[in-house]
Amino acid sequence: MHIVMRMLLRTCKKSTELIDKQMLTSLTLKEKMQLQAHKAMCETCNAYEHQSKLIDALLGQWFAPNQANGSMQMVKAKKLTIIEKLKKA
């Protein structure tokens, strides 16, 4: 039983790595179980996941994918806003 619990319960460092990984790709069943078990007991990692999703969404508003080469480019309107603010500074 101790071995199973140790396999399921991860450190915060490992759990945040899984949180970041799940935003890019699918987790394995084992990783999903480990992450859920950890988050059931750790408010800090739940907050980290919430903040990571929020940051990702906000950055998504500033950058748009370039369909031609798959890279990310800043949305032109946002870019112009930044340039104007820099000129005023």
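Values in this text are rule-based calculations from the coordinates and carry no lab data. Model, not experiment: these values are computed from the prediction. With ideal geometry, Cβ positions are generated from the backbone for all residues, glycine too; neighbour counts draw on all protein chains shown.
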Please give the contour-minus-distance gain from LYS13 to ASN46: 0.36 nm per residue of separation, less the Cα-Cα distance, rounded to one decimal in nm.
-> 10.6 nm
By the scheme Lys and Arg +1, Asp and Glu -1, what is the net charge of all other residues having a beta-carbon under 11 Å from that of SER15?
-> +1
Distance in nm between ILE55 and GLN36 label points, each 7 Å along Cα→Cβ, equals 2.6 nm
Residues CYS12, CYS45 arranged by fewest to most Cβ contacts within 10 Å | CYS12, CYS45
List, in the order given, every pair from LYS14/LYS39; LYS13/LYS39; LYS53/LYS76 whose Cα-Cα distance in the structure shown is over 18 Å.
-> LYS53/LYS76
